[in-house]
Amino acid sequence: MNPSDPEQGYHYGVMRRAIELIDQGGEGLTLDQLAAQMDMSPAHFQRLFSQWVGVSPKRYQQYLTLGHAKALLRDRFTTLAASHATGLSGSGRLHDLFLRWESMSPGEFARAGDGLVIYWGWFESPFGLSIVMGTDKGICGIGFAGETGAEPAMADLMGRWPRATFIEDPVMLRPWVLAAFGATDGQLNRAPIYLIGAPFQIKVWEALVTIPSGHVTTYSEIAGSVGTPRAARAVGTAVGRNPISWLIPCHRALRKSGGLGGYHWGLPVKRAMLAFEAARADG
């Protein structure tokens, strides 16, 4: 999928609205009702949706139910130590997107972005309008504006590196964004990332990347994997401060109970991401 192409950009918008409607209406919405909201025939909508998500709208509705997170935890729980040992970290498509993985030194992080040039732009995504930021080394920030609003989302990311110089340049970022949100053609299948965070945060974010797409883990499991088994709360804070949402999959961290826990960009976004990945894995 290519969100810069007019037709594909339209499809992103249609699917985003469809997911929002399904999220609001649960399993009560019929195919005819969904198609009517999209101004499409039922057959056309079902074909487009299935092609884009991997399963039918009816099947996708089941992934967005409140019990889905508990089912994921029961059926697709990932023990991070095992994923390292068996190479599961390479089985998720998103993990394979990273052409390179670089991070700031502690000294660079302490300078709050001083001397750093960060490019930014707005892009459509499967989960609504997104703000993407990056240095010349790779993507350093992805946020979603659907629940927070555009200005707060942008201020949120900018506030993480207050001394950086910010330049609007969506053209520079577009190839990475296409890869991040699903492009697979030509050279657009790599999305380098540049982590800007404290050392402990980066350890937690690295652990998140080992969770395969379509699977989940718990905050306590992450704490154990980074050598701090009693620091689940600190891990939860680090997960919440992840600046590169979606590519660093903090949405795959759940509570032990199977509850969604928190999500910086809103629980509807987290639920949609989990459903999207599970649907594609099954589809």
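The values are calculated or read from the model by the stated rules, or taken from the named source; none is laboratory data. Quantities reported herein were computed from a predicted structural model and do not represent experimental measurements. Every residue, glycine among them, receives a Cβ derived from its backbone with ideal geometry; neighbour counts consider all protein chains shown.
Please verify whether Ala191 is in contact with a Phe, Trp or Tyr (Cβ under 8 Å, 6 or more places away or on another chain) and modelled with pLDDT under 85, treating the condition exactly as stated. It is true that Ala191 is in contact with a Phe, Trp or Tyr (Cβ under 8 Å, 6 or more places away or on another chain) and modelled with pLDDT under 85.
Scanning the stretch 242-268 for residues that are touching a strand residue (DSSP E or B) at 6+ places or on another chain (Cβ under 7 Å), farther than 17 Å from Val209 by Cα and surrounded by fewer than 24 Cβ atoms within 10 Å (Cβ to Cβ) gives Arg255, Lys256, Leu260, Gly261.
Annotation for the stretch 226-239: at least one member residue is touching a strand residue (DSSP E or B) at 6+ places or on another chain (Cβ under 9 Å) and either charged (D, E, K, R) or surrounded by fewer than 20 Cβ atoms within 10 Å (Cβ to Cβ) (or both).
Within the stretch 143-153, none of the residues are part of a helix (DSSP H, G or I), touching a strand residue (DSSP E or B) at 6+ places or on another chain (Cβ under 7 Å), at pLDDT below 90 and not aromatic (Phe, Trp, Tyr).
Of the helices (runs of 4 or more DSSP H) lying entirely inside the stretch 210-283, the ones with 2 or more residues being in contact with a Pro (Cβ under 9 Å, 6 or more places away or on another chain) are found at 219-225, 267-282. When each of Trp176, Trp161 is tested for being among the hydrophobic types (A, V, I, L, M, F, W, C), assigned to a loop (DSSP other than H, G, I, E, B) and over 30 Å from Asp75 (Cα atoms), the lone residue that passes is Trp161. Just checking, which of Gly134, Gly143, Gly138, Gly197 is crowded, with 19+ Cβ neighbours inside 10 Å, assigned by TED's automatic domain parsing to the domain that holds Gly266 and within 23 Å of Glu20 (Cα to Cα)? Exactly one residue qualifies, and that residue is Gly143.
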